[in-house]
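**Student:** Mind looking over this structure? Questions follow.
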Amino acid sequence: MKTALRWLLTVVMVAAGVNHFLVPEAYAATIPAWLPAPRALVAVSGVAEIAGGLGLIPAATRRAAAWGLIVLFAAVFPANVNMAIHHLP
């Protein structure tokens, strides 16, 4: 079960990261106005999601990738709050 969930998270994170590059305007619209360079932040978070997802595959990088994803989730939290406050899709 643990292995299946890790692979599910890997696929979801890589897909979400790739999606940042397919529809960057959708992600940029969620970034609060007080943060600079929304498109750059979308690209950086997309790369971080892909790297974190792929990092979950080898045992040697799994722990670091998991902590990196935790930090990423905390870093993107302001965008999620901004989406909720402004009723963004």
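The values are calculated or read from the model by the stated rules, or taken from the named source; none is laboratory data. No experiment lies behind these values; they were computed from the predicted model shown. Methodologically, a virtual Cβ is constructed for each residue, glycine included, from the backbone with ideal geometry; neighbour enumeration extends over all protein chains shown. For the accessible areas, the whole protein counts, side chains as well, though only heavy atoms, and no ligand, DNA or RNA atoms are used. Shrake-Rupley method; radii C 1.70, N 1.55, O 1.52, S 1.80 Å.
**Student:** Only one of these is more than 28 Å from His87 (Cα to Cα) and under 14 Å from the mean Cα position of the chain (by Cα): Ala60, Ala66. Name it.
**Tutor:** Ala66
**Student:** Considering only region 61-79, state which residues are surrounded by 12 or more Cβ atoms within 10 Å (Cβ to Cβ) and more than 19 Å from Val14 (Cβ to Cβ).
**Tutor:** Pro78, Ala79
**Student:** Then there is this: Name the pairs whose Cβ atoms lie under 6 Å apart, with the first residue in region 1-23 and assigned to a helix (DSSP H, G or I), the second open to solvent by less than 60 Å² (accessible area, probe 1.4 Å) and of a type in the set (Gly, Ala, Ser), and 6 or more positions between them or separate chains?
**Tutor:** These pairs meet every condition: Thr10/Gly53; Met13/Gly52; Met13/Gly53; Val14/Gly53; Gly17/Gly46; His20/Gly46; Phe21/Gly46.
**Student:** Hey, any hits in region 58-66 for a residue that's of a type outside the set (Lys, Arg), touching a residue at least 12 places away in the same chain (Cβ under 8 Å) and under 15 Å from Ala16 (Cα atoms)?
**Tutor:** There is no residue in region 58-66 that is of a type outside the set (Lys, Arg), touching a residue at least 12 places away in the same chain (Cβ under 8 Å) and under 15 Å from Ala16 (Cα atoms).
**Student:** Which residue is surrounded by the fewest Cβ atoms within 10 Å (Cβ to Cβ), if the candidates are limited to region 1-60 and must be among the polar types (S, T, N, Q) and touching a helix residue (DSSP H, G or I) at 6+ places or on another chain (Cβ under 6 Å)?
**Tutor:** Per the stated criteria, the residue is Thr10.
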